[in-house]
Amino acid sequence: MPDIILLNKPYRVLSQFTDRDNNPPRQTLGNLLSAPAFRVAGRLDYDSEGLTLLTNDGMLQQRIANPKFKLWKTYWVQVEGTPSQQAIDQLASGLALKDGKTKPAKVKEIPAPELWDRSPPVRFRAHIPDAWLEISIQEGRNRQVRRMTAAVGLPTLRLVRMTIGDWQLGDLKPGQYLRQSAEVQQMTERWRPNVTVAAVVVKDDCYLMVEEQPVDSDRPVLNQPAGHLEQGETLLEAVHREVLEETRWEVEATGYLGVALFSAPNRTTYLRHTFLCSALLEHSDRDLDDGIIGAHWMRFDEIERLASIHRSHLVLEVLRQHRAGLCAPLSLIIES
């Protein structure tokens, strides 16, 4: 099964596992992790930081790294100077560099983000202002973003890659990494935007269930906390958000109950990932999502008796699966 490693590459670390060209050698990925079967999919400059992907599948590496697949890559860029609208428009529309004109990009000015401290820090000059840009490109030329900002008179001071396609840096600190099953990722991508997540939340041998009022029926239904995977979210982020919005409970995902297809009343087919979660904290002052009548802790036998009003057959199936001990570790899809 092909896997992917998401790494937050620190400043002044080479995007490779060895450095035979320098004596003494510089820091490499080999100083951060051991992954002999993995190759970098889209390098990041020595003096840049952020999301770096590695995979053990050659075809997947090509799909990520080759510009012909047009995967968007997003960077947060600290620049020296104050960006004018003209400069932003030039960056977005394409610039003439020595190796040709760049393709259109997505560019906007952003507030200074909350990032980890860089070592060594960016030089500070009180008499020269700086600003932050979010730049998304579909190319992968050598030091492209730095050359683009320099071409409009805004030298890059710091560059952090935040996303590659739908893979996100998230909360990873410099040097930290996660390992994901590419099979789950690819299946999820194929079914977008019809991807949902659900949570089996357990506390004192009871399950947290949601009573909903469907828009297409006068009859309430019973379901696990569940909803759509939103653009830019990871599966775990979506689970945490949905449970909080529909039940007021903060939860921690502790296991993976698998993936299944189901058909909605409108005959649309959805892919549903289900996670086992433990309850942490209730925020009783929060409003529930529209359409949610209430959230209830219920015993399995109570839920079973109400099978006629379940949102779908998956409601009971995943509970039976949990009670039979058929739960996989989270490392099936994400592993630190």
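Residues being within 15 Å of the chain's Cα centre (by Cα) and in a strand (DSSP E or B) are represented in the range 221-228 by at least one member.
Taken together, the residues in the range 48-57 that are among the acidic types (Asp, Glu) and either in a loop (DSSP other than H, G, I, E, B) or exposed (fewer than 14 other Cβ atoms within 10 Å of the Cβ) (or both) amount to 1. With respect to (1) under 26 Å from the mean Cα position of the chain (by Cα); (2) of a type in the set (A, V, I, L, M); (3) buried (at least 19 other Cβ atoms within 10 Å of the Cβ), the lone exception for residue 187 is condition (3).
Is it true that residue 230 is closer than 21 Å to residue 192 by Cβ and surrounded by fewer than 19 Cβ atoms within 10 Å (Cβ to Cβ)? Answer is yes for this residue. A search for C-beta distances below 6 Å between a residue of the range 112-140 that is more than 20 Å from residue 12 (Cβ to Cβ) and any residue that is at pLDDT below 90 and outside any loop (DSSP other than H, G, I, E, B), counting only pairs 6+ apart in sequence or on different chains, returns 139/67; 140/67.
Out of the range 159-189, which residues are modelled with pLDDT of 85 or more and basic (Lys, Arg)? Those that are modelled with pLDDT of 85 or more and basic (Lys, Arg): 161, 173. Of all residues in the range 215-236, those being among the acidic types (Asp, Glu) and either touching a residue at least 60 places away in the same chain (Cβ under 8 Å) or touching a strand residue (DSSP E or B) at 6+ places or on another chain (Cβ under 9 Å) (or both) number 1. Across the range 222-245, a minimum of one residue is classified as hydrophobic (A, V, I, L, M, F, W, C), at pLDDT 90 or above and farther than 27 Å from residue 166 by Cα. Restricting attention to the range 1-47 and to residues that are assigned to a loop (DSSP other than H, G, I, E, B) and of a type in the set (Val, Ile, Thr), the residue that is surrounded by the most Cβ atoms within 10 Å (Cβ to Cβ) turns out to be 13. Flag set for residue 267, criterion: of a type outside the set (Ser, Thr, Tyr), free of Cβ contacts under 8 Å to residues at least 12 places away in the same chain and out of contact with any helix residue (DSSP H, G or I) (no Cβ under 9 Å at 6 or more places or on another chain).
Give 186, 176 a once-over and let me know the one that is farther than 30 Å from residue 27 by Cα and out of contact with any Asp or Glu (no Cβ under 9 Å at 6 or more places or on another chain).
On the way: 176 fails: farther than 30 Å from residue 27 by Cα.
None of the others qualify; the one that does is 186.
Inside the range 58-107, can you point out the residues that are of a type in the set (A, V, I, L, M), surrounded by fewer than 12 Cβ atoms within 10 Å (Cβ to Cβ) and within 23 Å of residue 4 (Cα to Cα)?
Just the residues of the range 58-107 that are of a type in the set (A, V, I, L, M), to begin with: 59-60, 64-65, 71, 77, 79, 87-88, 91-92, 95-97, 105, 107.
Those left that are additionally surrounded by fewer than 12 Cβ atoms within 10 Å (Cβ to Cβ): 59, 96.
Hit for the range 58-107 is 59, nothing else.
Which residues, taken from the range 165-216, are of a type in the set (A, V, I, L, M), farther than 23 Å from residue 280 by Cβ and in a loop (DSSP other than H, G, I, E, B)? Selection gives 169, 215. Considering every residue within the range 134-143, establish whether at least one is crowded, with 18+ Cβ neighbours inside 10 Å and not small (Gly, Ala, Ser). Yes - at least one qualifying residue is present in the range 134-143.
Of 65, 105, which residue is of a type in the set (Gly, Ala, Ser) and over 20 Å from the mean Cα position of the chain (by Cα)?
Working: 65 fails: over 20 Å from the mean Cα position of the chain (by Cα).
So the residue among 65, 105 that is of a type in the set (Gly, Ala, Ser) and over 20 Å from the mean Cα position of the chain (by Cα) is 105.
Using the structure shown, decide if residue 81 is touching a Pro at 6+ places or on another chain (Cβ under 9 Å) and without any contact (Cβ under 8 Å) to a residue 12 or more places away in the chain. So residue 81 fails the test.
The values are calculated or read from the model by the stated rules, or taken from the named source; none is laboratory data. Quantities reported herein were computed from a predicted structural model and do not represent experimental measurements. Counting neighbours? That spans all protein chains shown, and the Cβs are built from the backbone with ideal geometry, glycine included.
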